[in-house]
1. State the percentage of accessible surface on the chain attributable to carbon and sulfur atoms; use a 1.4 Å probe and exclude ligands, DNA and RNA.
2. Rounded if a/c is under 1.5, else prolate if a/b beats b/c, else oblate: with a ≥ b ≥ c from the C-alpha gyration tensor eigenvalues square-rooted, which is region 1-141?
3. Pairs of alpha-carbon atoms within less than 8 angstrom and 6+ residues apart define the contacts here; what relative contact order does region 66-168 have, in percent?
4. Place a +1 charge on the Cβ of each Lys and Arg in the chain and a -1 charge on the Cβ of each Asp and Glu, then give the dipole magnitude about the Cα centre in debye, rounded to the nearest 20.
5. Once label points are set 7 Å from the Cα along Cα→Cβ at both ASP98 and ASP81, what is their separation, rounded to one decimal in nm?
6. For every helix of n ≥ 4 consecutive DSSP H residues, a contribution of -39,500 (n - 2.57) applies; sum these over the chain, divide by its total residues, and give [θ] at 222 nm rounded to the nearest 500 deg cm²/dmol.
7. Considering only protein heavy atoms, what per residue accessible area in square angstrom results for region 78-168 with a 1.4 angstrom probe?
8. Starting from 0.36 nm per residue, how many nanometres of slack lie between SER44 and ARG154 once their C-alpha separation is accounted for?
Amino acid sequence: MQGNEPFEITINWSAHVDLDLCVFYRSCDGEEGGVFSDEFRSNSSDLGCLSAYPNMQHMGDAKEPVPGHSGSETVKVGRPDNFERLDIVVINYNDAIDLLDVNYCDPAGNCMIGGREIKAAPQGHGQAYHIATMRRDAAGVLQTTEVNKVLSLREAYETIPGFALICE
């Protein structure tokens with residue numbers, strides 16, 4: 001991704017499961033937070049806001065797709081210059097709350113970050129699929145690094161800034 005222009009993050013999947021896109025952040029002034037489904041904590045502010053800080057908004061929780069169809073969720077990032085770091089994570093909330101290991105392999109699954117596609121190719125076992133991290137380079141531009149790792153909730157809590165919000 002070039003520059004600090006607004007962009008979208010979208011996950012797509014075909015499996016008959018309710019996946020949730022979460023984007024956690026560390027702002028340039030060190031604040032940690034995230035935008036994600038408002039169903040985790042029953043708090044509509046968890047969806048974020050495009051017109052006010054953090055200038056990032058989850059566009060709504062999609063439930064399990066009907067067989068033969070696909071599901072998708074999108075987060076719009078309106079002010080990338082607000083952030084030092086963004087972490088893109090997918091959670092199968094229903095299985096995660098029971099601490100079940102989740103198989104995130106989906107031949108049709110992908111994540112679009114701006115115009116860049118990351119195919120679902122998770123490694124490991126756990127509850128949180130850490131797709132990618134975006135960090136500022138020396139020129140101040142957010143650069144994307146594919147992570148493609150499944151973490152336990154504890155690992156995600158300890159390594160992803162802002163993840164603690166959905167553990168409250």
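The values are calculated or read from the model by the stated rules, or taken from the named source; none is laboratory data. Nothing here was measured: the structure is a model prediction, and the numbers come from that model. Because the Cβ atoms are built from the backbone with ideal geometry, glycine has one as well, and the counts that use them run over all protein chains shown. Just so you know, the surface numbers come from the protein's heavy atoms only, side chains and all, with ligands and any DNA or RNA stripped out. Shrake-Rupley method; radii C 1.70, N 1.55, O 1.52, S 1.80 Å.
1. Carbon and sulfur: 48 percent of the exposed surface of the chain.
2. Prolate, since a/c reaches 1.5 and a/b exceeds b/c.
3. Numbers: 148 pairs, mean separation 25.3, N = 103.
Relative contact order, region 66-168: 25 percent.
4. On the way: 12 positive and 26 negative charges, 87 e Å.
Charge dipole, the chain, about its Cα centre: 420 debye, nearest 20.
5. 4.8
6. Per the formula, -1500 deg cm²/dmol.
7. Accessible area per residue, region 78-168: 48 Å².
8. Computed gain between SER44 and ARG154 is 37.1 nm.
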